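Accompanying notes for the structure given below.
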Amino acid sequence: MSEHDVRAEIDTTVPHSARVWNFLLGGSDNFDVDREAGRTLLRLFPDFAAVARTQRAFLIRAVRHLVLEAGIRQFLDVGSGLPTADNTHEVAQALAPGSRVVYVDHDPIVLAHARALLAGAPEGATDYVHADVRDTDLILEQAARTLDLSQPVALMMLSVAGQLTDDDAPEDVVARLLEPLAPGSHLVLSDGVDTNPALVEAVAAYNGSAANTYQLRAPERIAGFFAGLEPVDPGVVPTPAWRPDAGAGEPPEGTGVVSAVCGVARKPAPA
């Protein structure tokens, strides 16, 4: 797809999740409509920006664990969003320069900025797949250009399952992406939950005008995405509570109303 075609596909009349998330993280790759949606989210749920930052911190901790403790050197980051600080390849390749990373997103503005996601360490490799998360066969086919699927891969899905409706059968989407991955692969997943009334109100307001809606789900439903996998301690927990860094200053969300949960789990060898 040419740069002209990409720009023609970018719709600036309705908010898009990647651009709104970019605004919440303090980025500049967004439009007035995205900033308006972001401000509405913050008005109804002032902690939304903190949730975005907390999820980025979880990504860093999870990738660090996978590289240093699990020996993972391949990452498939689905729903990567716009490039920002501490992208998956930056974290992984800083620890293991030979790491290979494939990013996946369907937003044309992410495609327009994909070059920034491809500037990895020369010893490793990075690639970008322009595809919807539902197109699992396409994702896996194109990811195999860079990743060796016969070796363990970390499947990263942060705030992605929430962009699938129940009609999309999100559990099946996750299972289809995991199915061809080798034993020893890991699922890294985090999503918003429906237990915080202020967050529920904010997301409902966002969904009223957004190009792609977001579905909050019960923590137990999100835990179900890890069915059949071996959970990495401490299991599926509020996002700030997953192996927090000492002195990181993240709120101990387990003591209050939970906004998002996360987990990391390993694919076992066949019985």
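The values are calculated or read from the model by the stated rules, or taken from the named source; none is laboratory data. All values reported here derive from a predicted model rather than from experimental measurement. With ideal geometry, Cβ positions are generated from the backbone for all residues, glycine too; neighbour counts draw on all protein chains shown.
Cβ-Cβ contacts under 6 Å between residues 6 or more apart (or on different chains), taken from a first residue in region 67-79 that is at pLDDT 95 or above to a second residue that is basic (Lys, Arg), are listed as GLN74/ARG100. Yes or no: region 183-203 includes at least one residue that is in contact with a strand residue (DSSP E or B) (Cβ under 9 Å, 6 or more places away or on another chain), among the β-branched types (Val, Ile, Thr) and more than 25 Å from PRO15 (Cα to Cα). Yes, region 183-203 contains a residue that is in contact with a strand residue (DSSP E or B) (Cβ under 9 Å, 6 or more places away or on another chain), among the β-branched types (Val, Ile, Thr) and more than 25 Å from PRO15 (Cα to Cα).
Taken together, ALA161, ALA154, ALA182 contain a single residue that is touching a residue at least 60 places away in the same chain (Cβ under 8 Å), closer than 30 Å to ALA271 by Cα and touching an Asp or Glu at 6+ places or on another chain (Cβ under 6 Å), which is ALA161. Listed conditions (1) modelled with pLDDT of 95 or more; (2) in contact with a Leu (Cβ under 7 Å, 6 or more places away or on another chain) are all met by ARG243, apart from (2).
Condition check: closer than 24 Å to ASP34 by Cβ, in contact with a Leu (Cβ under 8 Å, 6 or more places away or on another chain) and among the basic types (Lys, Arg). Does ARG100 satisfy that? Answer is no for this residue.
Selection of region 158-200 for residues being among the β-branched types (Val, Ile, Thr) and within 17 Å of the chain's Cα centre (by Cα) yields VAL160, THR165, VAL173, VAL174, VAL188, VAL193.
The one condition from (1) surrounded by fewer than 16 Cβ atoms within 10 Å (Cβ to Cβ); (2) free of Cβ contacts under 8 Å to residues at least 24 places away in the same chain that ARG221 does not meet is (1).
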